[in-house]
Structure formats: C-alpha cells, structure tokens
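Notes for the one structure printed next.
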Amino acid sequence: MTLKTIKISERIYKKLLEGKKDKESISEFLERLLDVKEQSKDINKSFGIWKDLPAEYFEIIESDIKEIREGINQRFS
C-alpha cells in the first residue's frame with residue numbers, strides 16, 4: 001500500500017477525529033466516508049461476516065446444498 005502525506009487544517013483534522021469510530025484509523029474512516037471498497041486478500045476480514053444473518057438463511061443454504069448433492073449423486077449412480 002502506498003502512503004501519501006496530505007496537509008489539512010487543524011479544524012478539519014479535529015472533525016475527522018470526531019467522526020471516526022474508536023478503533024478506526026483516519027484512513028479507514030475516509031474509506032468508509034467515501035464508500036471506497038478495497039479488494040482485500042486478507043481472508044481474516046471475511047470471518048464473521050455472516051454472523052448477523054437470520055437462521056432462515058442458513059436453513060435455505062443447507063437445503064440448497066443438500067439438493068445439489070442429491071442431484072450429483074443421482075448423476076453418478
């Protein structure tokens with residue numbers, strides 16, 4: 001990742017600090033503010049992204065996987 005230095009006024013810097021979340025860097029805050037999606041190769045960032053999905057979603061996924069497996073088994077029987 002390339003780093004760049006920019007000059008901003010003290011007033012703007014304080015506003016940035018006010019707007020960012022506790023453990024968020026200024027750069028991460030700006031990415032969120034500008035809705036910039038960085039394509040990450042870090043698999044660790046993917047862990048837990050489904051934790052807030054309703055249980056029904058997982059039931060549908062499991063049902064679909066079961067259907068796919070049954071279809072594959074029928075083709076090879």
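What follows is calculated from the coordinates using simple rules that are stated; it is not laboratory data. Everything numeric here is computed off the predicted structure, so don't read it as measured data.
Which of I43, I61, I26 moves most in a GNM of the chain, Cα contacts under 10 Å?
Top of the fluctuation ranking is I61.
List the lysines whose alpha-carbon lies under 26 Å from that of K15, not counting same-chain residues fewer than 8 positions away?
Answer for K15, where 26 Å is the Cα cut-off: K4, K7, K23, K37, listed by chain and number.
Tell me which lysines have Cα within less than 24 Å of K66's Cα, excluding those fewer than 8 residues away on the same chain?
By straight Cα distance, K66 reaches K51.
Give me the extension gain from K7 to S63: residue separation times 0.36 nm, minus the current Cα-Cα distance, reported in nm with one decimal.
Answer, rounded to one decimal: 14.7 nm.
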